[in-house]
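For reference, the structure is listed below as structure tokens.
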């Protein structure tokens, strides 16, 4: 009788373990399925046929919707470039000269403005081969500008902190001199698009 009880206990324990494994597999399947689901960035498609000024107006009118964190990958994708493209752009501009980098932390960039939306932009001016950043109410392509939501999106997507550093420099992309930046110690590299997104 004692052996039957031990056998019954073992069977029940094994069945409970199998159920737990099955539930864990189901949860993992749901998590991996949602992580693999691409973000729908089509809300920004309308910007393609607008001038930069029209884009700024549209972004400001729609910001209650488009500042949602689900669109963080969209903002990043507008500016993200492969590390090889970044390296080539730096090499094409600087050649054999020593590359000059200007370093800013995420906290320093955030401190440039009191807003976290499209009402201001971070303007990147080139002064004596250094990149100087300041907040401006208007988006400009010369000097290059980035949206504040772009920096916020990059920081959130990759769990960067206020002390993580961005390295700004000048690169040549498509024959045009442009401000580009990377996140120090990572492969995350970005250029300026013609869109204020």
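The values are calculated or read from the model by the stated rules, or taken from the named source; none is laboratory data. Remember, predicted model here, so these are calculated numbers, not experimental data. Cβ placement follows ideal geometry from the backbone for every residue including glycine, while neighbour counts extend to all protein chains displayed.
See the values below:
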| item | result |
| --- | --- |
| Filter result for the condition that a residue is surrounded by 14 or more Cβ atoms within 10 Å (Cβ to Cβ) and either farther than 21 Å from residue 186 by Cα or in contact (Cβ under 8 Å) with a residue 24 or more places away in the chain (or both), over 61, 76 | 76 |
| Listing of helices (runs of 4 or more DSSP H) fully contained in region 40-100 that carry 3 or more residues being at pLDDT 95 or above and under 16 Å from the mean Cα position of the chain (by Cα) | 72-79 |
| Residue list for region 168-197, restricted to those being under 16 Å from residue 154 (Cα atoms) and assigned to a strand (DSSP E or B) | 168, 180, 181, 182, 183, 189, 190 |
| All positions within region 111-146 that are surrounded by 14 or more Cβ atoms within 10 Å (Cβ to Cβ), free of Cβ contacts under 8 Å to residues at least 24 places away in the same chain and either at positive phi or part of a strand (DSSP E or B) (or both) | 123, 125, 135, 136 |
| Scan of region 101-110 for residues that are part of a helix (DSSP H, G or I) and under 15 Å from residue 188 (Cβ atoms), ordered by number | 106, 109 |
| Pick from region 81-91, criterion surrounded by 15 or more Cβ atoms within 10 Å (Cβ to Cβ) and touching a strand residue (DSSP E or B) at 6+ places or on another chain (Cβ under 6 Å), ranking: farthest from residue 42 (Cα to Cα) | 90 |
| Any hit, region 1-9, residues being in a loop (DSSP other than H, G, I, E, B) and modelled with pLDDT under 95 | yes |
